[in-house]
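This report refers to the structure that appears directly beneath it.
The values are calculated or read from the model by the stated rules, or taken from the named source; none is laboratory data. Remember, it's a predicted structure, so these values are computed and weren't measured experimentally. Positions of Cβ are backbone-derived with ideal geometry, glycine not excepted, and every protein chain shown enters the neighbour counts. The area values use the complete protein model at the heavy-atom level, side chains included, leaving out ligands, DNA and RNA. Shrake-Rupley method; radii C 1.70, N 1.55, O 1.52, S 1.80 Å.
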Amino acid sequence: MLRSNSLLLSVFHRSLDAGLIALALWGTARARELEWDSSLTLAAAVAIGLFLLLAEARRLYGSWRLRSSEDEYANVLAVWVFVCAVLLVAAFLLKVSAIYSRAAIVAWFLVTPALLMYSRLAVRALLRALRRSGRNIRAVAVVGTGSMAESIVRRLEETGDFGVRLAGVYDDRGPERTAAVWPGPLKVAGNYDALIEQARTGGIDYVFIALPTRAEKRIVELVNRLADTTATVYVIPDLFISDLMRAQWTTLGGLPAVSVFDSPFDGVNGWLKRAEDVVLGSAILAVAALPMLAIALGVVLTTRGSVLFRQKRYGLSGRVVEVLKFRTMTASDDGPQVAQAQRDDPRVTRFGRFLRAFSLDELPQLFNVLAGSMSLVGPRPHAVAHNEEYRRLIHGYMLRHKVKPGITGWAQVNGWRGETDTLDKMQKRVAHDLEYVQNWSLWLDLRILAMTVAVVASRRNAY
């Protein structure tokens, strides 16, 4: 039903977005007891035109079957923020901003993205209901019987939002060879000839080719044969990099290339991350300033030496930075051998034990954040000696330094905080750090900060 009426549905979706933008402006104007006039009509028309134009560029009205709802919402928000920026700049340059109610316009800017996202949430909910009843389902074929094919099958089985049905796994090798490498209960449905025939008759909607790169000739031949069908074909490259950080396609002067060791904070994301650190870091420091003065006094009265402990640790791009902490130990290890703090560690002072229990000793790192050597959220920095030890033992360890170290991190709020007395514990911590780098978003940072409050209150692994 949806496939045969895709044009009608596409027009409806665009009309719905246009209507919601106008409705949001009308509602905020009514809330401010403003009468609708030509100026509001012009604002709504310009906003709708810009939004629809940019939405087309971001492919918001294409198929989102195989993409996450988070990606769709992020695109909606990005488009609307750009529309708002254009409207503000245009109003300023044309000197017409005075004729608009600032309160109504700000409310419009805030209400509209919520309506646009909720409408898409409702559409996805409707599609899920249709798919549960067996409607709006697409058939998917997976080519190959290796680990990448297994990952695709598992992902399709686990994700119900895609609305797809696995038609089968196809391989051109004999059953005696595929049986040895294909671990799942699902049997190979047939060879390439069977796949092509089924795709030609319309029985296959999507084809995922998950063959190793050494099978280039087989991939090219199969793609050429599938060109005679209407199936949508995806080539999933098994480039020995599937477990590496933020692998993504890019171009070098028009030539396709795969970036495998990329940072999530290049370009706009870097500015957004820095703005988050400066704004939230300044706010937290303002609240913590007086408690930090009291803590400094407590350190002076309970231990000899400086108030602050400075330790060299690896920061962004592996550069050494000095991380600040309130002194909590009688020792000041910062050489080739650094012993991690343990439960009931005799080096920890009585006042230091209290500080470490609630992570109050980490507060001076707010100065590191504002200075730019650290972030509020990121992989926790390790002593240089520990870095040199674990970079030889854990694959991809140094990739965590593609971003700034943080006061708190994804590993810490997931239980991998405190002493890492076994290699397995450090591997789990690093795995979470790399997961954070791969999936960074502003919302994830805010979530981690909120979770940190609960983790600190629990005092788990804090000694």
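Could you tell me which residue of the stretch 307-333 is nearest to M398 (Cα to Cα), considering only residues that are assigned to a loop (DSSP other than H, G, I, E, B) and open to solvent by less than 60 Å² (accessible area, probe 1.4 Å)? For the stretch 307-333, the residue satisfying everything is G315. Of everything in the stretch 347-363 that is outside any helix (DSSP H, G or I) and over 28 Å from the mean Cα position of the chain (by Cα), the residue that is surrounded by the fewest Cβ atoms within 10 Å (Cβ to Cβ) is F358. Picking from residues in the stretch 373-422 that are of a type in the set (S, T, N, Q) and in a helix (DSSP H, G or I), the one that is surrounded by the most Cβ atoms within 10 Å (Cβ to Cβ) is Q412. For T201, the conditions (1) touching a Leu at 6+ places or on another chain (Cβ under 9 Å); (2) surrounded by fewer than 15 Cβ atoms within 10 Å (Cβ to Cβ) are fulfilled apart from (1). Sort through S39, S15, S97, S101 and tell me the only one that's hydroxyl-bearing (S, T, Y), closer than 27 Å to I137 by Cα and surrounded by fewer than 17 Cβ atoms within 10 Å (Cβ to Cβ). Among S39, S15, S97, S101, only S15 is hydroxyl-bearing (S, T, Y), closer than 27 Å to I137 by Cα and surrounded by fewer than 17 Cβ atoms within 10 Å (Cβ to Cβ).
Here A296, A288, A247, A275 are screened, and the one residue that is of a type in the set (A, V, I, L, M), open to solvent by less than 60 Å² (accessible area, probe 1.4 Å), modelled with pLDDT of 85 or more and closer than 28 Å to A78 by Cα is A275.
Residues to consider are Q438, Q412, Q365; find the one that is of a type outside the set (D, E) and in contact with a strand residue (DSSP E or B) (Cβ under 6 Å, 6 or more places away or on another chain).
On inspection, the qualifying residue turns out to be Q365.
Look at (1) open to solvent by less than 30 Å² (accessible area, probe 1.4 Å); (2) of a type in the set (A, V, I, L, M, F, W, C); (3) modelled with pLDDT under 90 and you find that A47 fails only one, number (3).
Only residues that are surrounded by 15 or more Cβ atoms within 10 Å (Cβ to Cβ) and either at pLDDT below 85 or among the aromatic types (F, W, Y) (or both) were counted in the stretch 212-231, giving 4.
In the set L186, L115, L121, L126, only one residue is at pLDDT below 80, closer than 30 Å to C84 by Cβ and either open to solvent by 30 Å² or more (accessible area, probe 1.4 Å) or in contact with a helix residue (DSSP H, G or I) (Cβ under 7 Å, 6 or more places away or on another chain) (or both); that residue is L126. Condition first: within 12 Å of V207 (Cα to Cα) and at pLDDT below 75. Now tell me which residues in the stretch 138-162 satisfy that. The answer is none; no residue qualifies. In the condition set (1) part of a helix (DSSP H, G or I); (2) on the phi > 0 side of the Ramachandran plot, E33 is compliant with all but (1).
The C-beta contact set for the stretch 442-460 (first residue surrounded by fewer than 14 Cβ atoms within 10 Å (Cβ to Cβ), second residue modelled with pLDDT under 90 and assigned to a helix (DSSP H, G or I), distance under 6 angstrom, 6+ apart or interchain) comprises R459/A357.
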